1. Residues that are more than 9 Å from every other protein chain (Cβ to nearest Cβ), of a type outside the set (Ser, Thr, Tyr), more than 20 Å from A:LEU212 (Cα to Cα) and surrounded by 11 or more Cβ atoms within 10 Å (Cβ to Cβ): does the range A:15-30 have at least one?
2. Determine, yes or no, whether A:THR50 is within 24 Å of D:GLY49 (Cβ to Cβ) and in contact with an Asp or Glu (Cβ under 8 Å, 6 or more places away or on another chain).
3. Output the qualifying pairs, or none if there are none: Cβ atoms under 9 angstrom, residues six or more apart or on different chains, first residue in the range A:147-166 and closer than 19 Å to A:ALA93 by Cβ and within 14 Å of another protein chain (Cβ to nearest Cβ), second residue among the hydroxyl-bearing types (Ser, Thr, Tyr) and in a helix (DSSP H, G or I).
4. Applying the selection to the range A:170-197, what residues are touching a helix residue (DSSP H, G or I) at 6+ places or on another chain (Cβ under 8 Å), within 15 Å of A:ALA215 (Cβ to Cβ) and hydroxyl-bearing (Ser, Thr, Tyr)?
5. Any chance you could count how many residues in the range B:72-85 are at pLDDT 90 or above and within 7 Å of chain A (Cβ to nearest Cβ)?
6. Would you pick out the residues in the range A:17-45 that are in contact with a helix residue (DSSP H, G or I) (Cβ under 9 Å, 6 or more places away or on another chain), closer than 15 Å to D:VAL58 by Cα and of a type in the set (A, V, I, L, M, F, W, C)?
7. Does A:PRO130 qualify as being buried (at least 18 other Cβ atoms within 10 Å of the Cβ) and either away from every other protein chain (no Cβ under 12 Å) or modelled with pLDDT of 85 or more (or both)?
Amino acid sequence: MNRLRLVLLAVGGTGLAALLVAACLGLPGFGGRSHPYGARAVHASLTRHTANTIASVNFDQRAYDTLGEMSILFAAVLGCVVLLRQARDEHRAQPQPAEVARPVRRYALIVLPVALVTGLYVVAHGQLSPGGGFQGGVVAATALHLLYLGADYRALERVRPLAVFETSDALAVSTYLVLGAAGVLAGTSFLANTLLPYGTFNTLSSGGTVPLLNAAVGMEVASAVVVLLANFLDQAVEIEEEHGS
Amino acid sequence: MSDAVIVVALLLTAASATAAVAQRDPARQALVLSVLGSVLAVLFTVLQAPDVGLSQLAVGAALTPLLIMLSVRKVRRRGRTHDAAAKDGAR
Amino acid sequence: MAVNGWILAATVCLGGGGAAALWGVTTGPPARRVVAQNMTTSALCPALLLLSQGYGRPAYVDLALLLALLGPVGTLVFARLLGDDLEGGRPSAWGLTWTAAGLSAVVVAAVCAATGPGRAMVKLLVVGALLIAGNVIASRALSGGFRGVRGG
Amino acid sequence: MMHVLPYLVAAYIFLTGCYGLATSRNLIHAIGCLAVCQSSTYVLLLAVGYQDGATAPVFSDLRPGSRPVVDPVVQALTLTDIVVGATVTALLLALVLQIAKRHGTVDPDELRELRG
């Protein structure tokens, strides 16, 4: 049985490898000069005064894709919450308070605000410099969990009202939808970037609706990651099964 | 010159990916995955994609290993409490 | 492209440091693997700073900033959640730690000297401080920073 | 060689991940291998968009038009790819925790025996 499986894997893998190598040899060469889509995307981004072309592609030219991606994230977090909820045969055990060496505790408490500010900075400058809602949101959410490293899980639970984060997750998705629908009401199409003036190139308010959509995504990602990690931490640290069940 | 750094980053990525698959213990694999995440971020910088590099750093170097380690801890803790319960039952 | 000293230095840093860290993280007892994972941050973050200077793009410094912030956090997570495996062989690789801190300091000083005073330099100094502090603290945590953490 | 090397590396990473997935004895390890497979797609996409001697299409510290830039469309696609990949990993890990609770094992072979 096991040997049969390995033989099957070897045959399939060799065939796939041959096909992949053939496909690689047929691709346009690495580092080539011809990028027609790229040139057009850069041009469109510059006419709309968005300095970071990737943010322009994500939140303006292909904003509809980002809506789909947000829905995937939202649905996945919802699925995790349902899968990891406390079952009837489980109970919560109070975790023992942890002893953390003082330098580690001090480091965590000093870096926590620095990381939060960095996350906000990355979100806020998403349409100018590298960064954006996704990256900054994950950093801000990770920063909150420094409290778990510096102190213990109970300290984290005190400053993390989960209901608030769940609400803000849903609120951010709705904000994105409302901003998209506002385009329809204004007489253009869904998620069209025609609502706001484009502003001065390379300033925080440039790019029309890009900074707003970016902020909504940042809020959604940050809340989603906090909720996700909270559920996993609950499972790993607090929830125990009844003995002998 | 810029080719040399791309080649080094690519080879390092391939080596980390191989190492991540070869580690059979999930906890040790999580360590290698976090190295793979950081190396990928450098590769993306070299390929002139800093946005993607930032995202890979946040997700690959911190979030994914953390989730895997928490799952490993849960599965191990489950095993421990079950063994203890089985011993109590035998007694 | 002409020969660029910054990119050359980054290639050496990336190749040498990355290969050493990868070898360390795949072999040996668990304690040594976590130390090697910590050294990845100290090897790759200076490489990112050198690349940012080599490509002439100050915006790339954000990557080094994020790695300097999140790398030690990741190591602390491993130190915390692998607590049981690390019992017994508490690693104390202080020689390696201070070598890595020295490398980071040299790279940050060199890039600072090349950019000159201004806001960019403040950012570089923040990255350097975070990198060195994070590296030292993570080493401290690995050599016994989380004692008796079972329930939490 | 240089004009196909990145594509070949992406293909190699994908195949390595597949090998790990097929021979895995632990579902958590299999999810790690899936993460390796996902990373091959990032390498492939970014390699397609690269241009020799170009720089990132981010104009916060660059005058537009002063240097050639790489393709931003594939970078935006990769960004989406990474976020969706992370959520898939999280969802699969949650499923594995459920399996561990219901069946008491995370070894795929033992799971098959349980059902039979």
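1. yes
2. Spelling it out, A:THR50 is indeed within 24 Å of D:GLY49 (Cβ to Cβ) and in contact with an Asp or Glu (Cβ under 8 Å, 6 or more places away or on another chain).
3. From residues that are closer than 19 Å to A:ALA93 by Cβ and within 14 Å of another protein chain (Cβ to nearest Cβ), the pairs are A:ALA155/A:TYR148; A:LEU156/A:TYR148.
4. Matches in the range A:170-197: A:THR175, A:TYR176.
5. 0
6. Hits for the range A:17-45 are A:ALA41, A:VAL42, A:ALA44.
7. yes
Let's see how each residue does on (1) within 7 Å of another protein chain (Cβ to nearest Cβ); (2) modelled with pLDDT under 90:
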residue: D:SER40; (1), (2): no, no
residue: D:LEU46; (1), (2): yes, no
residue: D:GLY49; (1), (2): yes, no
residue: D:GLY53; (1), (2): yes, yes
residue: D:THR89; (1), (2): yes, no
residue: D:VAL96; (1), (2): yes, no
residue: D:ASP109; (1), (2): no, yes
residue: D:ARG112; (1), (2): no, yes
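The values are calculated or read from the model by the stated rules, or taken from the named source; none is laboratory data. Keep in mind the model is a prediction, meaning the values are calculated, not measured. Using ideal geometry, Cβ is built from the backbone for each residue, glycine included, and neighbour counts are taken over all protein chains shown.
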